[in-house]
Every structure is written in structure tokens, then in C-alpha cells.
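In what follows, a single structure is set out as C-alpha cells and then discussed.
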Amino acid sequence: MNRPSPMSSATPTRRITLYPSFRGWWIVGVSFLALFTHGAATSYLFGLLVVPMENDLGWSRTTLTGALTVATFVSAGLGMVLGPLFDRSGARLGMTLSALFGGACLLLLAFTDVPWAYYVLLGVGVGAARTGLEIVGPRTAIANWFVRRRAAAFAWSSGGRAAFGFLMVPVFAILIEQTSWRAGWAVLGVVEIFILAPLVWFIVRRRPEDHGQLPDGDLPGAMRLDRSDRSRTVSDEDSWTLREAVRTRTLWLIVISIMLTGFPATGVIANMVPYFIDEGLTSTFASSAFAFFGFGAMLGRPFWGYISSRFGVHASLTLWGFGYSLSIALYVLADTPATLFAAAWPIGLVIGGSQQLQSQAWPDYFGRRHVGAITGLTVLLVTPAMALGPVVTALAFDLTGSYEPVHTAYVVGAFFAGFFFLAARRPRRKSRAPSPSGEGAR
């Protein structure tokens, strides 16, 4: 018997909220794991390893964090190439190869002793894998499998990095203290190769329509019944091509805002443990404070997911920008071990929304059909800020012996980002209605 067409309107209207056979939620889980492993390598794990590597290898913090800058530029450059490919063919193959290659680079980092090898492995290798595992891959996959429940899907998937910060930072801190910093790289590499890569291959697929399903797990003909959910349905989502999107004021306002928040997003995390130690915290207490930051970031995912579902991505981005500025200000003003520890939580809560809100913004504003290409371009545009965040923060310390000037600049930048987010309204077509296929005018 032939299966009914996925777009048939004859099927009785029904909404499925969490259907066991709906692959979309499994893709969310794999994306969570990708950020838990690969995403943590250049954030939480790296923050733990800076001081031990500095002491063991004799390298400066600028040298160590410079590899993160290289990694960000590499991932952004590849994003322009991989984005359109993921739109056409799906994220399965790209994410699997990224997990295998990235895991191998992490494993080899455990044996590095010279800066050039460190930069090749972390800067080029891990950076290249980041494109498929953190940026274009999961964002494209999730955007295609969810429309109405996109905010919730991105909120859950983006929690992987923060979950590592809260759950695994204490574990890895003990591992590093009992063995060496090399064990940290090796363990994460093994997990990525032997656990993440197989799961990606068996679970990730391109679009639900390819398998007789619809986004969000709806049956054909399903209508949105929950009007409190601000996300749109498949039928009323207008997809913009990359060429159309770059001609809108909205895209550039969001890009500028992400650039302004990009500096602290990478700079604060990479230098948080060294900053705590310089401010008088012991290594153990600094690691605990870093885990507390991770706890805030983990809670930030469902928090911002709820906010964006309830009030929409525009209001959420605006609130997030101003909240970013306030949280960094509290972080700067903290001057005792107790207040430093306490300040880690609110900044984590806000930074926790970065991945989810930025991932959700592009498909919500411009539709899902070309989200890979749009993501690839916008990541390239915001790369200078994301890439320079760690090294600028570390360089400021190396030159002045203090993080205060650069942290103050982050407060001001995030405050302006809030205003730019406020001005970034959803674009509207001026001369013609959107085409039924969602392709738009070229």
C-alpha cells in the first residue's frame, strides 16, 4: 500500500508534541552531545588547561589563546563552503567526518610540545571540525526539523557545552590534577571518535519531508493549536535566499550585535579560571567557580528557550543584549572571593543563551530553506570578534597585568548590542508575496 503524501490535507488534523518515532528530538540529542564534547574543548576544558599548560610548557597566555583565534577563523572560512552543501545534502556526512577528524586532533594534542604543532592541531584541526559539529551542522539540521518548536529544540541542543561546564569541570579538574593536562585532551578525543561519530551517522538526516514526516513531529495537515507559542508553522514561514537576506537591514543589525557580544562570549570563558586565580582564588576554588558559571549557563538554555517561545526571538535578543552588559558589569565589580564566585552564575546565565538565540535567529527571521548558507556567511562576518576575544583579553593582561580595561569595554559593547537587537525587526518583502516554494525572488 502506498504511503500518503506528506503534504496531503486529507489526513485528520492532529498535533504530535513528542512522538517516539520523530527523529528530530534524537537529532537534538546528538547536537547536545556534539557541544558537550567538541564545544567544551575550546571553552570549559580549555579554561581548565591554560594555567597547567602555561606552567608546564612555559608558553604565554597570548600564545595559548592565540590558537583559539586561528580556530575561529578556520571554522568561519569553512562555514561559507559547507553551509550551502549542508542545505542541499544534509548534515549527516559532514558532522560524522568532523567528529572523527576533530577527535583525532584532540587526541594528538595530548602529545604536543611545540607551538607549531599545537596551532596546527587546535587552531586548524579542531577549528575545522567545529564548523560541522558546532556551527553549520547542528544549526542546519535542527532548523529543518523544527519550526513551531524551534526555540525549545535549540534551547535543549545548545545546552551541551554548559552541561560539560557544570558536570564535568570538577571531574576533569581532578583528572588533570592527578595526572596532567594531556589527559584532558586525550579523554575528550576518545569520546568524540568512539561515541559521538557513530551516533551522528546513525541518527542525523536532512529533512523530515524526506522521511514522510513534517517539522515538529506533526502529522500531515496539522495546524498550530497552541497560540501562546510564538513560533511559526511550516505554511506561514517565508524563506529568504542568501542574496535576499544580505540586502536587509535586519541581517546587518544582528551581525553587528553578535560581534559586540562575541568578544566577551569567547574572551571571558577562555580566561575565567586564570582571572579567578589572579584575583586570589585557589586552583580548586577557581575550578568550582568555573563550574558554578557552567551551572548558570546550563540553566540559561531552558530560561532563554522559554523566553523566546513566550515572547519571540526579537524581544529575547533585546533582553539578552542588555542582560549581557549587566552581568559583565557585576563580574567586573566583584572584588572578593565570595563575590567573584557569586558573579560567575549570572554571567553564565546570560552567556548560556548565546548559542540558542543566535542559532534560532537566522531561521526565525529568514526561514529554514537557506539557513545553512546564511549561517555560513554570518559566522564569517562575526568571526573577527569571536576569534579575537580570547587573545585580546589575554593580551590585555600580558600588557597591563589586569583584565579590568577589557572587561569594561565588554560592558559598553554589550549595552549597545541591546539597542541594535531592538532595532532589528523581522524583514518584510516590499514588492511581492513570497513564492509557494519559499525560494523568494532572486
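The values are calculated or read from the model by the stated rules, or taken from the named source; none is laboratory data. Quantities reported herein were computed from a predicted structural model and do not represent experimental measurements. Note: ideal-geometry Cβ built from the backbone for every residue, glycine included; neighbour counts use all protein chains shown.
Checked against the criterion of being out of contact with any strand residue (DSSP E or B) (no Cβ under 8 Å at 6 or more places or on another chain) and within 30 Å of ILE27 (Cβ to Cβ), the stretch 111-122 contains one or more residues that satisfy it. Of all residues in the stretch 393-412, those being modelled with pLDDT of 85 or more, touching a Pro at 6+ places or on another chain (Cβ under 7 Å) and small (Gly, Ala, Ser) number 0.
Residues of the stretch 131-149 include none that is more than 20 Å from the chain's Cα centre (by Cα) and either at pLDDT 90 or above or of a type in the set (Gly, Ala, Ser) (or both). Note on the stretch 79-144: no enclosed helices (runs of 4 or more DSSP H) hold 2 or more residues that are aromatic (Phe, Trp, Tyr), touching a Gly at 6+ places or on another chain (Cβ under 8 Å) and more than 30 Å from GLY58 (Cβ to Cβ). Of the numbered criteria (1) in contact with a helix residue (DSSP H, G or I) (Cβ under 6 Å, 6 or more places away or on another chain); (2) surrounded by fewer than 20 Cβ atoms within 10 Å (Cβ to Cβ); (3) closer than 30 Å to PRO52 by Cβ; (4) not charged (D, E, K, R), the one ALA265 fails is (2).
Of everything in the stretch 37-69 that is in contact with an Asp or Glu (Cβ under 7 Å, 6 or more places away or on another chain) and either in a loop (DSSP other than H, G, I, E, B) or polar (S, T, N, Q) (or both), the residue that is nearest to GLY184 (Cα to Cα) is THR37.
Against the conditions (1) over 17 Å from PHE154 (Cβ atoms); (2) of a type outside the set (A, V, I, L, M); (3) modelled with pLDDT of 85 or more, GLY267 satisfies every one except (3).
For the structure I just gave you, tell me whether SER327 is crowded, with 22+ Cβ neighbours inside 10 Å, part of a helix (DSSP H, G or I) and modelled with pLDDT of 90 or more. So SER327 passes the test.
So that you can scan it fast, the table gives a plain yes or no per residue for (1) in a helix (DSSP H, G or I); (2) farther than 16 Å from THR383 by Cα; (3) free of Cβ contacts under 8 Å to residues at least 40 places away in the same chain:
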| site | (1), (2), (3) |
| --- | --- |
| THR250 | yes, yes, no |
| GLY262 | yes, no, no |
| PHE276 | yes, yes, no |
| GLY280 | no, yes, no |
| PHE285 | yes, yes, no |
| ALA289 | yes, yes, no |
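When ALA409 is tested against (1) assigned to a helix (DSSP H, G or I); (2) under 18 Å from GLY47 (Cα atoms); (3) out of contact with any Leu (no Cβ under 9 Å at 6 or more places or on another chain), only condition (2) is not met. Residue count for the stretch 54-69 satisfying the condition of being at pLDDT 90 or above and on the phi < 0 side of the Ramachandran plot: 8.
Just one of the listed residues (PRO363, PRO390) is modelled with pLDDT under 85 and crowded, with 22+ Cβ neighbours inside 10 Å, and it is PRO390.
Residue count for the stretch 340-381, restricted to those that are within 21 Å of LEU326 (Cβ to Cβ) and not in a helix (DSSP H, G or I): 2.
Considering the conditions (1) surrounded by fewer than 20 Cβ atoms within 10 Å (Cβ to Cβ); (2) in contact with a Pro (Cβ under 8 Å, 6 or more places away or on another chain); (3) at pLDDT below 85; (4) in a helix (DSSP H, G or I), PRO384 is excluded by exactly one of them, (2). One residue stands out in the stretch 184-195 among those that are in contact (Cβ under 8 Å) with a residue 60 or more places away in the chain and closer than 21 Å to ILE269 by Cβ: the one that is surrounded by the most Cβ atoms within 10 Å (Cβ to Cβ), namely GLU192. For LEU340, the stated conditions do not hold, so it cannot be described as buried (at least 24 other Cβ atoms within 10 Å of the Cβ) and at negative phi.
Number of residues in the stretch 46-91 that are surrounded by 18 or more Cβ atoms within 10 Å (Cβ to Cβ), within 20 Å of VAL200 (Cα to Cα) and of a type in the set (A, V, I, L, M, F, W, C) equals 4.
For the stretch 278-296, the criterion of being of a type in the set (Asp, Glu), over 19 Å from LEU357 (Cβ atoms) and surrounded by fewer than 19 Cβ atoms within 10 Å (Cβ to Cβ) is met by at least one residue.
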